[in-house]
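Please find one structure pasted underneath; my questions will follow.
The values are calculated or read from the model by the stated rules, or taken from the named source; none is laboratory data. Treat the numbers as computed from the prediction; the structure is a model and nothing was measured. Please note: Cβ atoms are built from the backbone with ideal geometry, for glycine as well, and neighbour counts cover all protein chains shown.
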């Protein structure tokens, strides 16, 4: 049986993705903070004839991300697919390790998890990162702001930069590891509760269901026709042109190098 790890599986796109992949025959490793909420998902998948288990992880903590990866590695199983889905929306805050909340969860926690899962990957393993069309709003990455412990960057700017980081990470990972297949996905506008309350009427009037939002994520995780498209950015089951800054190889390299240092990792080129 093929194995998939999905972060943020207890609601929204992550939940819909977990169910969809289970129905395609995957064993779902549901990685999240809440044993109760993720446990309910696991029970539901099993009740409908699928296979699933809970993996504890808190992506606001780099230690937790590393521990989760090691737990899976210690089980001796390999991963066919990793879905880096969990995300923080338009809010302010600081992670356990002192990083701006959106950047810390949406990018850095997943970077740490992915790097420590390396030994569970095999040739052809797919890494799908849920990004957003909001990455087009980011002019660059403000590396000082994401490590600022007072008056942290917040709101749309911080969210957009974290989603730009997802696209840059995907491209750089594809360059460094050509044996794997990596994809960044804009799932569409889905009302998953990550947007502030004052935007909800507009979001809901234009939004997709979580199941609709999961379609391109699942497609990138499974479609054999995408073998040659590693490192690409996708929306509505089509490869799209990301922003100009998302194509900046120097910025992608700098993000990777800084992320390695922040996560306490050595170069892996």
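Residue 140 - would you say it is modelled with pLDDT of 90 or more and in contact with a strand residue (DSSP E or B) (Cβ under 9 Å, 6 or more places away or on another chain)?
Numbers: modelled with pLDDT of 90 or more: yes; in contact with a strand residue (DSSP E or B) (Cβ under 9 Å, 6 or more places away or on another chain): no.
So residue 140 does not fit the description; no.
Scan segment 135-145 and give yes if some residue there is within 27 Å of residue 3 (Cα to Cα) and crowded, with 24+ Cβ neighbours inside 10 Å, otherwise no. Walk me through how you get there before you give the answer.
Residues of segment 135-145 that are within 27 Å of residue 3 (Cα to Cα), as a first pass: none.
For segment 135-145, residues within 27 Å of residue 3 (Cα to Cα) and crowded, with 24+ Cβ neighbours inside 10 Å: absent.
Oh, and also: Can you tell me which of (1) crowded, with 16+ Cβ neighbours inside 10 Å; (2) in contact with a strand residue (DSSP E or B) (Cβ under 8 Å, 6 or more places away or on another chain); (3) at negative phi is the one residue 16 doesn't meet?
Against the list (1) crowded, with 16+ Cβ neighbours inside 10 Å; (2) in contact with a strand residue (DSSP E or B) (Cβ under 8 Å, 6 or more places away or on another chain); (3) at negative phi, residue 16 comes up short only on (2).
Which one is nearest to residue 211 (Cα to Cα), of the residues in segment 19-31 that are crowded, with 19+ Cβ neighbours inside 10 Å and touching a strand residue (DSSP E or B) at 6+ places or on another chain (Cβ under 7 Å)?
Checked segment 19-31; the qualifying residue nearest to residue 211 (Cα to Cα) is 21.
Pick from segment 77-106 the residues that are under 18 Å from residue 54 (Cβ atoms) and assigned to a loop (DSSP other than H, G, I, E, B): which of them is modelled with the lowest pLDDT?
Only one residue tops the list, namely 77.
Residues of segment 231-253 being free of Cβ contacts under 8 Å to residues at least 12 places away in the same chain, touching a strand residue (DSSP E or B) at 6+ places or on another chain (Cβ under 8 Å) and closer than 16 Å to residue 213 by Cα, which ones?
Passing the criteria: only 239.
Find the residue count for segment 60-93, including only residues that are crowded, with 16+ Cβ neighbours inside 10 Å and in contact with a strand residue (DSSP E or B) (Cβ under 7 Å, 6 or more places away or on another chain).
So the count comes out to 11.
Could you grab me the full set of residues in segment 225-250 that are modelled with pLDDT of 95 or more, assigned to a helix (DSSP H, G or I) and surrounded by fewer than 19 Cβ atoms within 10 Å (Cβ to Cβ)? Please lay out each step first, then the result.
Quick first cut of segment 225-250, residues modelled with pLDDT of 95 or more only: 230-250.
Imposing the further condition that a residue be assigned to a helix (DSSP H, G or I) reduces the set to 245-247, 249-250.
Result: 245, 247, 249, 250.
Can I ask one more? What residue, among those in segment 150-176 that are in a loop (DSSP other than H, G, I, E, B) and crowded, with 18+ Cβ neighbours inside 10 Å, is modelled with the highest pLDDT? I'd like the intermediate steps shown before the answer.
Of the residues in segment 150-176, the ones in a loop (DSSP other than H, G, I, E, B) are 150-154.
Filter again for crowded, with 18+ Cβ neighbours inside 10 Å, leaving 152-153.
On the way: 152: 57, 153: 64.
Among them, the one singled out is 153.
Checking the condition part of a strand (DSSP E or B), at pLDDT 95 or above and touching a strand residue (DSSP E or B) at 6+ places or on another chain (Cβ under 9 Å), which residue from 109, 124 passes? Steps first, please.
Working: 109 fails: part of a strand (DSSP E or B).
So the residue among 109, 124 that is part of a strand (DSSP E or B), at pLDDT 95 or above and touching a strand residue (DSSP E or B) at 6+ places or on another chain (Cβ under 9 Å) is 124.
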